[in-house]
Number of protein chains: 2
Amino acid sequence: MDSVSVQAPATVSNVVCGFDCLGFALSEPFDEITVRKTDETGITIIHKDGYGLPTDPHRNVAGVALRAMLDALNADFGFSAEITKNIKPGSGIGSSSASSCGAVVAANRLIGDKFSKLELADFAMEGEKLASGARHADNVAPSIFGGFTLVRSIDPLDIVSIDFPPLFAAVIHPQIEIKTADARAILPKDVPLASAIKQWSNLGSLVAGLSKGEIPLIARSMEDSIVEPVRKSLIPKFDEVKAASMDAGAIGGGISGSGPSIFMLSDSMETAERVAGAMQDVFLQTDIEFNIYVSAIASDGVRIAE
Amino acid sequence: MDSVSVQAPATVSNVVCGFDCLGFALSEPFDEITVRKTDETGITIIHKDGYGLPTDPHRNVAGVALRAMLDALNADFGFSAEITKNIKPGSGIGSSSASSCGAVVAANRLIGDKFSKLELADFAMEGEKLASGARHADNVAPSIFGGFTLVRSIDPLDIVSIDFPPLFAAVIHPQIEIKTADARAILPKDVPLASAIKQWSNLGSLVAGLSKGEIPLIARSMEDSIVEPVRKSLIPKFDEVKAASMDAGAIGGGISGSGPSIFMLSDSMETAERVAGAMQDVFLQTDIEFNIYVSAIASDGVRIAE
């Protein structure tokens, strides 16, 4: 096997009341990544897209993730990765995570699947550290494990797969920039205990609803009393998009990652498409450009292309 | 049908990271309650135990719960309830909830099961309001629904049953008094967002672990970074009991309700009994009297005695 190609899908993190722990994988959009094992040590990154991302492996998220894997192997060989990004950087749907996870999954296949999913997630988190300054796993977890995932703990890394019924997402990405620093600065350092209790009661119910496949329970539990109320001010038309989506039949939704994308879940592809139409109608009344995606929640994460 | 007798079991609320929402029902100890329908309106309470609880129906938790039911029925009849309490008041294992839930479940059977479990919980919460000043459902929910329950919301009342594997509890009740006011006053009004995130990540994982029946995941998730660290100061020997229980093979545990009882979960009755022995050994070194209970987690709550 000379090379392995993968499709590395977009992911949604910070799922409503599951701030900083709950995420899920989409079927699309996805990045396409081909990794080759090279005789010479070191890493080569080639980007076949127009996003102008760094190709210096020390400054590229896939590069540092592959570096972590090579270091763990104490390897006398290297990797080259050819990346075609379809997930726009800064969209809030796990663009950096798709690159780093796709690269390590492909590389792992090349070396005979030596590493577990948890180890791959750990390597990929080096990419998140480079991209955002923090070793978080909110997007890495669904990207590697697929489906709905809950990051119980970062250190030690503990990722829990949550059972879930068929669900479909409509995602709108308004083409505005939200600086990570701003999205962080706006968060309160302390929260009222009463709000925290409300949040964890909702998250517990959401996990139960997903596990049981009970759509009405999922719907009732998708309430965020802590983060959405402050962060939504960074996203134009957030309330209108949410209201129009609910009118169109969505179960619930909120800010994807730290934005600017907004996601809404539905219980059928047909409804998700109607929701996407309602989202679009809101933004067509503005002069903000946007992309819209409609996708099933995928039970797998990075997929190896056969 | 002239009378209905029930066994109303003890319950554990505030299950570790599930403060103010997660609870479960024990098989024992339980109160025994017999309710009769009477031609005359009004409520009569008879206590056949030595706890000196008020028998004025307006000052008795079963009395006010039955009152709420009669009011909802706009009834031209009444109830009498004969209560033999085996769950000591003030123990932190849902003594008041057992009385009020047992009374309304028995009364509901007498009138042909007119009310849903959720409506019964709502009536029983009047008893909790009388006992503690707040309409909380932490003990009422497992008492009525059985098994593990999560109270997603009080208003509107929303109770979620959580699937769970066979689990067994050892509970020690040190005979000291913790005033509800003290247990409340010691809680912080605000908590760091980082602690809240840790708590809800653990609760989400705990619900997932219970739903999947994965004991190691349940064990890893039973961590309380907010309430236990402050409330344990009210319970002598808390850390020693917990450490001895874990050494004896317990999965995890913590303060039951607002104390003073301490509960520990195990994956077999044999282990739970060994844990109970370890708990006892700690308190035998003190001059504090105590009761110990070992019980399966019961999938049903109040049981109608046939």
Vicinal HN-Hα couplings computed from phi for segment B:106-118 (Karplus, 6.51 cos²θ - 1.76 cosθ + 1.60; Hz; Gly/Pro x)
5, 4, 4, 5, 4, 9, x, 6, 5, 9, 6, 4, 5
Starting from 0 in steps of 10 Å, tell me what percent of the Cα-Cα pairs of segment A:168-296 lands in each bin.
13, 41, 35, 11, 0
Sequence-distant lysines (8 or more away, or on other chains) whose Cα lies within less than 25 Å of A:Lys237
A:Lys88, A:Lys179
Scattering profile of segment A:1-82 from the Debye formula, Cα beads only, expressed as log10 I(q)/I(0) at q = 0.15, 0.16, 0.25, 0.27 Å⁻¹, is -0.67, -0.74, -1.17, -1.24
Quick one: compute the contact order of segment B:73-137, relative version, from alpha carbon pairs under 8 angstrom and 6+ residues apart, as a percent.
25
Per residue of segment B:142-147, what does 6.51 cos²θ - 1.76 cosθ + 1.60 with θ = phi - 60° give for ³J(HN,Hα)? Whole Hz please, x for Gly and Pro, Karplus curve as stated.
x, 5, 8, 8, x, x
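So if the hydrodynamic radius of chain B is defined as the Kirkwood radius over C-alpha pairs, what does Stokes-Einstein give as its diffusion coefficient at 10 °C and 1.306 mPa s, in µm² per second?
It comes out at roughly 82 µm²/s.
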Can you pull out the trypsin sites (Lys or Arg not before Pro) in segment B:1-71 whose DSSP state is coil and whose Cβ has at most 14 other Cβ atoms within 10 Å?
B:Lys48, B:Arg59
If we hang a label 7 Å off Cα along the beta carbon direction at A:Glu270, how far is it from the matching labels on the other copies, in nm, shortest first?
5.5
Per residue, what volume in Å³ does the convex hull of the Cα atoms of segment B:12-134 enclose?
102
Which angle from 0 to 90°, rounded to the nearest 10, does the C-alpha axis of helix B:193-212 make with the longest principal axis of chain B?
70
Expressed as a rounded percentage, what relative contact order does segment B:168-296 have, with Cα pairs under 8 Å and six or more residues apart?
41
Loop-only check: which GluC sites (Glu not before Pro) in segment A:96-198 are DSSP coil with at most 12 other Cβ within 10 angstrom?
A:Glu177
B:Thr38's amide H: which non-local residues (gap 5+, or another chain) put their own amide H closer than 5 Å, with H modeled 1.01 Å from N in plane and none for Pro or chain starts?
B:Gly78, B:Phe79, B:Ser80
Segment A:162-218: which trypsin sites (Lys or Arg not before Pro) are DSSP loop and have at most 12 other beta-carbon atoms within 10 angstrom?
A:Lys179, A:Lys189
Ordered shortest first, which distances in nm separate the 7 Å Cα→C-beta label point of A:Pro236 from those of the other copies?
6.7
What is the distance in Å between the Cα centres of segment B:153-185 and segment B:39-100?
21
Could you size up the charge dipole of chain B around its Cα centre, putting +1 on the beta carbon of Lys and Arg and -1 on that of Asp and Glu, and report it in debye to the nearest 20?
420
Cα-based Rg / Dmax (Å) for the protein assembly as shown:
27.2, 94
Using Cα-Cα distances under 8 Å and only pairs 6 or more residues apart, what relative contact order does chain A have, in percent?
25
D for segment B:53-98, whole µm²/s, Stokes-Einstein with Kirkwood Rh over alpha-carbon pairs at 20 °C and 1.002 mPa s: what number?
183
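Every number here is computed from the coordinates shown, using simple stated rules; none is lab data. Please read all numbers here as calculations on a predicted model, not as lab measurements. Cβ coordinates were reconstructed from backbone atoms using ideal geometry, including for glycine residues, and neighbour counts include every protein chain displayed.
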